[in-house]
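Encoded as structure tokens, the structure appears first; notes follow it.
The values are calculated or read from the model by the stated rules, or taken from the named source; none is laboratory data. What you see is a predicted model; the values in this text were computed from it and never measured. Note: ideal-geometry Cβ built from the backbone for every residue, glycine included; neighbour counts use all protein chains shown. These area figures cover heavy atoms from the full protein model, side chains too; ligands, DNA and RNA do not enter into them. Shrake-Rupley method; radii C 1.70, N 1.55, O 1.52, S 1.80 Å.
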Amino acid sequence: MTLDVPEWAADAATDLPYPLIFCTVSGAHLYGFASIDSDLDLRAAHVLPIAEVVGLRTGPETLQRGGVRDGVELDVVSHDLLKFARLLNSRNGYVLEQLLSPLVVVTSPLHAALAELAPGLITRHHAHHYLGFSHSQEKLYAKGGELKPALYTLRVLLTGIHLMRTGSLETDLRVLGADVAYVADLIAAKREAEHGPFPAGAAERLAADIPRLRAELEAARDASPLPDKPSADAVTALHDLIVQTRLS
């Protein structure tokens, strides 16, 4: 973990009532622009016991916990292994980012096994996730003119472009936007306050860059070397991993 992530994060994760496969940090901390008043977003996967899978009374596919700790607002979301695997196999960039987040709070051999399978599940259709997310964030930005949705819009477009071109995941806007001159100023302003003012001239540059980056993502998707569907071997291995985990 980085210095931005409190040491008690692992305790917050292990308060969940089922064994965890992993817990990682998502949101602004992962994207490189957490402010002093940012929430801490923890994303996890858990394993339901067999009795809560095959019986009449089934356990929760998704768990969510909130609260405040040491003045930090906390949001914890965890999916059962089967639900997480289905999402992972459905061009969902959000769970891909959770699985591969470098900000690891809790891990396990099963976490490592899932991460090893991830490259075989990435397709050019993951671009749809990033295009859709960019549209929703741009609408929020247009409505309120705030820093957070502006940064999210840039981040998702740049992550999508990088993924389509390289097949590898990069979520840190400080890395993705290193060659975009005003990104560092936007991040610095956001770090000072979640709802701080825009740096001079940044709004005008964003107005030009957002449609340009969206067009770049669409072109990168169309030219991507990524496959149209997940590897059959990766899907089979994911199925086997779920079965083996349940039976054990």
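Between LEU140 and THR166, what's the calculated FRET efficiency when r is the beta-carbon distance and R0 is 41 Å? Round to 0.05. Walk me through the intermediate numbers first.
Numbers: r = 28 Å, r/R0 = 0.68.
Using R0 = 41 Å, I get an efficiency of 0.90.
Could you tell me the ratio Rg/Rh of the stretch 107-248? Both radii from Cα atoms, Rh via Kirkwood.
1.08
How do 150-157, 55-62, 105-112, 93-100 rank on mean C-beta neighbours within 10 Å, highest first? Intermediate values should be presented prior to the final figure.
Details: 150-157: 25.2, 55-62: 11.1, 105-112: 16.0, 93-100: 20.6.
Top of the packing list down: 150-157, 93-100, 105-112, 55-62.
Could you derive backbone 3J(HN,Hα) for the stretch 229-234 from the dihedral phi with the Karplus parameters 6.51, -1.76 and 1.60 (θ = phi - 60°), listing whole Hz in sequence and x where the residue is Gly or Pro?
Ordered by residue, 3J(HN,Hα) equals 9, x, 4, 4, 5, 5 Hz.
Carbon-plus-sulfur fraction of the accessible area of the stretch 195-248, 1.4 Å probe, in percent? Spell out each step's value before the answer.
Numbers: 1940 of 3290 Å².
Answer for the stretch 195-248: carbon and sulfur cover 59 percent of the accessible area.
For the peptides 69-81, 28-40, what is the packing order when you average, over each peptide's residues, the other Cβ atoms within 10 Å and list the highest mean first? Before the final figure, lay out the partial values.
Numbers: 69-81: 16.9, 28-40: 19.8.
Put in order of decreasing packing, that is 28-40, 69-81.
Using a Förster radius of 25 Å, what is the FRET efficiency between HIS125 and ALA215 based on their Cβ-Cβ separation? Nearest 0.05, please.
Details: r = 18 Å, r/R0 = 0.72.
In this case the efficiency is close to 0.90.
Note the full-extension length gain between ARG65 and ASP222 as 0.36 nm times their separation in residues minus their Cα-Cα distance, in nm to one decimal. Intermediate results must be reported in sequence, preceding the final value.
Working: separation 157, 0.36 × 157 = 56.52 nm, distance 3.94 nm.
Full extension from ARG65 to ASP222 adds 52.6 nm.
Find the percent of Cα-Cα distances in the chain that exceed 25 Å, and round it to a whole number.
Roughly 46 percent, rounded to a whole number.
Compute the length gained on full extension between ALA178 and GLU7: take 0.36 nm times their separation in residues and subtract their Cα-Cα distance, giving the result in nm to one decimal. Numbers along the way, then the final one.
On the way: separation 171, 0.36 × 171 = 61.56 nm, distance 2.88 nm.
Length gained between ALA178 and GLU7: 58.7 nm.
Cross-chain or 8 or more residues apart, Cα under 24 Å: how many lysine pairs in the chain fit that? Count them up, please. Write down the numbers at each step before the final one.
Numbers: LYS83/LYS229; LYS139/LYS148; LYS139/LYS190; LYS143/LYS190; LYS148/LYS190.
So the count works out to 5.
Could you work out [θ]222 nm for the chain from helices alone, using -39500 (n - 2.57) per DSSP H run of at least four and dividing by all its residues? Round to the nearest 500 deg cm²/dmol. Don't jump to the answer; show the numbers that get you there.
Values: 12 runs with 131 residues, N = 248.
Calculated from helices alone, the mean residue ellipticity at 222 nm is -16000 deg cm²/dmol.
For every other residue with a beta carbon closer than 12 angstrom to the beta carbon of ARG91, add +1 if it is Lys or Arg and -1 if Asp or Glu, then tell me the sum. Intermediate values should be presented prior to the final figure.
Details: positive: ARG86, ARG124, ARG221, LYS229; negative: ASP228.
Once all neighbours under 12 Å are counted, the net charge is +3.
With labels modelled as points extended 7 Å from the Cα through the Cβ direction, what inter-label distance (nm, one decimal) is found for THR236 paired with THR14?
Distance between the two pseudo-spin positions: 3.8 nm.
Run through the DSSP bridge list for the stretch 1-150 and note the antiparallel percent, rounded to the nearest 5.
Values: 14 of 21 bridges.
Once the DSSP bridges in the stretch 1-150 are tallied, antiparallel ones form about 65 percent.
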